[in-house]
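K.L.:
One structure follows; several queries about it will come next.
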Amino acid sequence: MKRHSTTSPIKLALCATLALALSVAPVSAGNNNSRSDSQDATTVIGIILGLATIGAILSSKNDWESYKEKPKHPPKRVHRDRVPKQLILPKNCVRNYRTQQGNRTLFSNRCLKRNFAYYDNLPRACKTKVVARNKQGTYVTRKIFRPHCLTNRGYRMQKFY
C-alpha cells in the first residue's frame, strides 16, 4: 500500500515565511516613489527566487517517505523433507548417564522399547552397552542407543512431547 505524499504544516509555514521574506525584501528596500527599471527588475528577480525556493522545498525528497524504514524481506526458510514417523524418536527417552568418560547423553534402550512403536526396526549397530553410575554411586551396565549413530541413519528426535 502506497502512502500519499503530504506536506507537514511546519514545512508549509516555513515555505510561506521564506517566500514572503524574499518577495517583500526588494520592495521594502526601494519604498520611494521614484522607482527605476533596476528596482523593478530586483523585485521581479526576488519574486522568481522566492517561488523557485518554494518549489524546491516542496518537491524535495526529504519528506516522510525517505525517512521510513525500508521493508525487510522475511528470512528465507529452509524447506526440509518431512521425516516419516518411523524415524522420529521420542524426546523423553534421552537420558544423561554418568560414565567413566564423563557425562554422556544417550537414548535409553528400555524407554525406546516401551515408547517407540518401531523399536524392532532400530539399527542394531547403534545399540551398545555403557558402564554408568546409578544414584547410589555404584557402576552398573546400561543398554543404550548412540544418538549420533541414529542421526547418521536418518532418525530424528521429536521436537515436542
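K.L.:
Which value, in Å² and to the nearest 10, is the accessible area of ILE47 when all protein chains are kept and the probe is 1.4 Å?
P.N.:
ILE47 has an accessible surface of roughly 80 Å² with all protein chains in place.
K.L.:
Can you compute log10 of I(q)/I(0) for region 110-156 with the Debye formula, treating each Cα as one identical point scatterer, at q = 0.16, 0.24, 0.32, 0.33 Å⁻¹?
P.N.:
At q = 0.16, 0.24, 0.32, 0.33 Å⁻¹ the computed log10 ratios are -0.52, -0.92, -1.20, -1.23.
K.L.:
Quick one: divide the alpha-carbon radius of gyration of region 89-135 by 2.2 N^0.38 Å and tell me what you get.
P.N.:
1.20
K.L.:
Roughly how many Å² of ASP40 are accessible to a 1.4 Å probe, to the nearest 10?
P.N.:
In the full protein context, ASP40 sits at about 70 Å².
K.L.:
Follow-up question, since we're still on this one. Just the accessible area for LYS127, please: 1.4 Å probe, Å², rounded to the nearest 10?
P.N.:
70 Å²
K.L.:
How much of the accessible area of region 73-153, probe 1.4 Å, is carbon plus sulfur, in whole percent?
P.N.:
Whole-percent figure for carbon plus sulfur exposure: 45.
The values are calculated or read from the model by the stated rules, or taken from the named source; none is laboratory data. Bear in mind that the values here come from a model prediction, so they are computed numbers and not experimental data. Note: accessible area is taken over every heavy atom of the protein model, side chains too, but ligands, DNA and RNA are not part of it. Shrake-Rupley method; radii C 1.70, N 1.55, O 1.52, S 1.80 Å.
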